[in-house]
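The values are calculated or read from the model by the stated rules, or taken from the named source; none is laboratory data. Predicted, not measured: the structure shown is a model, and the values here were computed from it. Cβ placement follows ideal geometry from the backbone for every residue including glycine, while neighbour counts extend to all protein chains displayed.
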């Protein structure tokens with residue numbers, strides 16, 4: 001699984017980096033994005049949905065979230 | 001609707017406040033709005049309603065639910081859609097003749113000068129302080145006036161015009177990056193100014209609980225609709241001043257600042273900093 005840690009980074013850097021990673025993500029692979037900024041979580045989530053992909057959000061602690069996104073071959 | 005709208009028809013009520021020559025200046029002017037959010041969105045709407053017909057809207061973001069509390073271009077019906085594309089649709093619904101270039105992407109060090117070059121006024125409606133430095137540096141280098149804004153909890157804000165002959169942005173707002181190359185370390189220091197603003201805002205009445213949570217990344221920047229929108233309205237008025245250039249209607253150039261505090265009297269004032277620059281952490 002590929003990992004992208006954008007902790008400590010403010011909008012819009014996390015979205016810019018997420019866009020780049022998703023573009024380069026091979027079919028069938030999963031990307032794990034870690035963010036510690038709620039504003040970025042919201043933007044990343046909206047971007048993933050708009051790209052027609054599914055985002056799975058998991059709260060790691062009170063201010064850290066893990067977002068899992070896969071490029072499923074069947075989608 | 002079959003009726004085809006003429007420019008004269010739409011902007012008939014501007015005459016008397018504006019001369020025909022001034023209206024023509026507005027019609028021909030090119031305005032670039034970076035960030036079609038809480039301030040950029042309403043400012044773009046006001047510019048279209050004043051008769052500006054040439055826009056470049058730059059925003060790589062999509063509308064999300066938390067935009068609905070203040071952003072005039074956001075609706076439940078366009079959540080998830082591109083802010084730049086929605087701005088184009090809405091501005092064209094105000095005046096179908098507007099010509100809008102959109103860039104559904106973010107400004108970066110690499111693309112700033114290219115994206116900002118073909119315009120007469122730049123509105124910086126972004127919220128990342130490092131990006132703002134990039135925007136105003138590019139504007140300064142290109143010789144194009146730019147408008148800076150701030151929206152600060154609980155009820156505060158600011159608007160300031162910059163030009164190649166007024167105090168440079170980073171000097172006017174006392175940035176550690178002033179006159180230096182924008183390294184990653186300096187970018188971090190610039191971004192940290194916003195954390196200081198969150199701390200200081202508590203002394204002005206923002207909730208300490210919110211400030212703590214903002215600093216931990218659990219809450220986004222706090223803002224209510226009328227404060228963001230009055231900042232956007234005032235910014236659009238400055239854009240108009242920068243375009244029509246009437247001798248008795250001088251833009252508020254740096255280091256002078258249009259200060260907004262809706263909890264004070266007066267709510268809006270034009271102020272000069274005591275020692276030539278502002279402590280941005282207190283704005």
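Miscellaneous remarks
- Condition met for residue A:50 (within 9 Å of another protein chain (Cβ to nearest Cβ) and either farther than 23 Å from residue B:80 by Cβ or in contact with a helix residue (DSSP H, G or I) (Cβ under 8 Å, 6 or more places away or on another chain) (or both)): no
- Residues in the stretch B:1-27 that are free of Cβ contacts under 8 Å to residues at least 40 places away in the same chain and part of a helix (DSSP H, G or I): B:8, B:9, B:12, B:13, B:14, B:20, B:21, B:23, B:24, B:27.
- Scanning the stretch A:20-31 for any residue that is more than 9 Å from the chain's Cα centre (by Cα) and within 12 Å of chain B (Cβ to nearest Cβ) turns up at least one such residue.
- Inspection of the stretch B:130-146 identifies at least one residue that is modelled with pLDDT of 95 or more, surrounded by 24 or more Cβ atoms within 10 Å (Cβ to Cβ), in contact with a strand residue (DSSP E or B) (Cβ under 8 Å, 6 or more places away or on another chain) and assigned to a strand (DSSP E or B).
- Qualifying residue in the stretch B:184-191 (condition: away from chain A (no Cβ under 14 Å), under 17 Å from the mean Cα position of the chain (by Cα), farther than 19 Å from residue B:35 by Cα and not in a loop (DSSP other than H, G, I, E, B)): no
- Selected residue (only one of B:183, B:152 is buried (at least 18 other Cβ atoms within 10 Å of the Cβ) and out of contact with any strand residue (DSSP E or B) (no Cβ under 7 Å at 6 or more places or on another chain)): B:152
- Scanning the stretch B:52-70 for residues that are surrounded by 22 or more Cβ atoms within 10 Å (Cβ to Cβ), in a loop (DSSP other than H, G, I, E, B) and away from chain A (no Cβ under 13 Å) yields a count of 1.
- Within the stretch B:201-219, one or more residues are within 22 Å of the chain's Cα centre (by Cα) and either more than 14 Å from every other protein chain (Cβ to nearest Cβ) or under 25 Å from residue B:256 (Cα atoms) (or both).
- Annotation note: Cβ proximity below 6 Å between a residue of the stretch B:103-118 that is within 13 Å of another protein chain (Cβ to nearest Cβ) and part of a loop (DSSP other than H, G, I, E, B) and a residue that is at pLDDT below 90 and surrounded by 21 or more Cβ atoms within 10 Å (Cβ to Cβ) (sequence gap 6+ or interchain) occurs for B:106/A:12.
- Filtering the stretch B:239-257 to residues that are under 24 Å from residue B:51 (Cα atoms), touching a helix residue (DSSP H, G or I) at 6+ places or on another chain (Cβ under 9 Å) and crowded, with 16+ Cβ neighbours inside 10 Å leaves B:239, B:240, B:243, B:244, B:251, B:252.
- Residues located in the stretch A:32-46, provided they are surrounded by fewer than 22 Cβ atoms within 10 Å (Cβ to Cβ) and in a strand (DSSP E or B): A:32, A:34
- Looking only at residues of the stretch A:1-19 that are within 11 Å of chain B (Cβ to nearest Cβ) and surrounded by fewer than 16 Cβ atoms within 10 Å (Cβ to Cβ), we find that the one that is modelled with the highest pLDDT is A:7.
- The residue that is farthest from residue B:126 (Cα to Cα), among those in the stretch A:1-31 that are touching a helix residue (DSSP H, G or I) at 6+ places or on another chain (Cβ under 6 Å) and part of a helix (DSSP H, G or I), is A:18.
- Close pairs (9 angstrom Cβ cut-off, 6 or more residues apart or separate chains): on the phi > 0 side of the Ramachandran plot in the stretch B:70-84, surrounded by 14 or more Cβ atoms within 10 Å (Cβ to Cβ) and in a loop (DSSP other than H, G, I, E, B) anywhere: B:80/B:63; B:80/B:64
- No other residue among B:43, B:36 is in contact (Cβ under 8 Å) with a residue 40 or more places away in the chain and assigned to a helix (DSSP H, G or I) apart from B:43.
- Within the stretch A:61-75, considering residues that are within 12 Å of chain B (Cβ to nearest Cβ) and over 10 Å from the mean Cα position of the chain (by Cα), the one farthest from residue B:220 (Cα to Cα): A:61
- Residue in the stretch B:71-87 that is touching a helix residue (DSSP H, G or I) at 6+ places or on another chain (Cβ under 9 Å) and more than 26 Å from residue A:38 (Cβ to Cβ) present: no
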